[in-house]
Amino acid sequence: MSFPETRTPEAGALPAPFAAAAMEGAQRLAAAGFRAWIVGGAVRDLALGRRVKDIDLVSAATPDEAEAVFESSVGVGRAFGIVVVRCAGIDIELATLRRERGHSDARRPDEVEYTDSIEEDARRRDFTCNALFLDPLTDELADPTGGLADLRAGLLRTVGEPGARFAEDGLRLLRMARFQGALGLAPAPGLHDAARAALPALSGVSAERVLGELERIFGAPGVPAAIGTLFDCGILESALPEWRARAAGSRDWDEVQALRRAVFDALPDPCGARIGLATLLEVGPLDPRSDEHVEAGAALVELLRSSRKRRTEVVALWRLRAALAELEDPGCARSRRVRALRDAATPDAFTLEAAWRRARSSDTSGLDALRAWFESLTESELRPAPWISAADLARAGLEPGPRFGELLREAEDAQIDGAFGDADGARAWLARVLQDGGKTRRNQNEMG
């Protein structure tokens, strides 16, 4: 990833809704005697010339004082000095400047003490690039930890000693990988060594938090670099120990991991959460037809506390990827292809399988031909209006039951395979099938 030219942040470069919200929030707080600052990712992204997705404000106002200033406010994290306030029609987080002490659970501070010092607030933050403060009323930049200089040097550096920062909150190890990838930053000297030494802190990070960071990684450019950091530092193995345990024995671990990294290099960047999780968590990816491997991978997705929808999407992607070798065979029936490829996961399955083949230097010509054929199909070819309905079966004297569904499926396959092309042909086909005792001629009109 090329590193963009770094500039001095200015509030006027914010998207208009955020600029208006920051200005209104700062003006209201100033009227109450408090100075407000835009802090964190928004200031960092302004420095990098990147699109700002949200803004946070910080001031010396306590939650009680903030709620007295803003008519609309919700104390979403009052224990840590955070309230959500409404400014210029949008909701933004307003935090109280604070210092923290102790992180016995490697996740949350044991003690929080409010302060009026941005220098003290900066010392509790994770990386210098996230400890930048911008006054929206004056455009004054406060940079207590040298974050802007680190950005200009293309370095990701922790605030203070990295081992201490990671031990305080294991989630920072995953954030380190994400920022390196998404921001194109190189690790400051000693950063990765400190990360490896702090891996036990990941025991305090919930599965939901791990999943959230992974999905953010897959949703931003720089995925290969972020994945490389996760692998090189052993972060994912510590955050999800079952990952290696379930994959062990299927193939040499280092061989598979090297190939997995090559797959991420071959995928679009960003690849998106579905493809990213399918690539990362697939068990036995060199033997994708194994149902046992699919079930083991599905268990890993569940361990990350993903939604049922996400789990279904990833499993469907694995199953379809496993079917592509059969589907690209020229002798495969048209109906078999159509049924399999009209799944919503089809485009992603083609992308994923092509990446695995390129990573292994395997031939993709058959897969490319199948993809071109699929992309040429119209919606009516993928989902043709049926010539045989349940009413036709009832009129033919069949009683409702399992055979109904079987015959409707056989009829659709025959229609797709060209056994008939109109209502008269469909009725004649049905009469033959019923006369033959329900045996279909599935070998007719297969795609050559």
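A few points about this structure:
- Normalised by the number of residues in the chain, the average gap of Cα pairs under 8 Å and 6 or more apart makes the relative contact order 9 percent.
- Spatial separation of Cα centroids for region 210-274 and region 281-330, in angstrom: 15 Å
- Least to most buried among 313, 406 (fewest other Cβ within 10 Å first): 406, 313
- If a spin label sat at a point 7 angstrom from the Cα of residue 363 along the line to its beta carbon, the backbone N atoms of region 306-331 nearer than 17 Å would be those of 324-331.
- Computed about the Cα centre, the dipole magnitude for region 163-380 is approximately 440 debye when only Lys and Arg (+1) and Asp and Glu (-1) carry charge, each at its Cβ.
- Comparing 298, 288, 333 along the charge dipole axis of the chain, the residue lying farthest to the positive side is 333, per the Cβ-charge model.
- Using only the C-alpha atoms, the convex hull of region 115-260 corresponds to 131 Å³ per residue.
- Sorting the segments 209-219, 374-384, 320-330 by their mean number of nearby beta carbons within 10 angstrom, highest to lowest, gives 209-219, 320-330, 374-384.
- Test item: Cα-centred dipole of region 390-435, Lys/Arg +1 and Asp/Glu -1 on Cβ, debye: 180 debye
- Computed over region 163-380, relative contact order equals 19 percent, with contacts defined as Cα pairs under 8 Å that lie 6+ residues apart.
- Most to least packed among 163-171, 408-416, 133-141 [average Cβ atoms within 10 Å]: 163-171, 408-416, 133-141
- Calculated log₁₀ intensity ratio I(q)/I(0) where the Debye formula runs over C-alpha points of the chain, q = 0.06 Å⁻¹: -0.39
- Mean sequence separation of contacting Cα pairs (under 8 Å, at least six apart), scaled by the length of region 11-153, corresponds to a relative contact order of 24 percent.
- Among 84, 43, 70 - extreme Cα towards positive end, dipole of region 11-153, charges at beta-carbon: 43
- Ellipticity at 222 nm from helices only: DSSP H runs of n ≥ 4 in the chain, each -39500 (n - 2.57), divided by the residue count, give -15000 deg cm²/dmol.
- Nearest-20 debye value, the chain charge dipole, Cβ charges on Lys, Arg, Asp, Glu: 840 debye
- With Cα atoms defining each centre, region 115-188 and region 1-66 are spaced 15 Å apart in the structure.
- Fluctuation leader among 157, 403, 289 - the chain, Gaussian network, Cα springs under 10 angstrom: 403
FYI, it's all coordinate maths here, none of it is from the lab. Since we're looking at a predicted model, the values are computed, not measured. Using ideal geometry, Cβ is built from the backbone for each residue, glycine included, and neighbour counts are taken over all protein chains shown.
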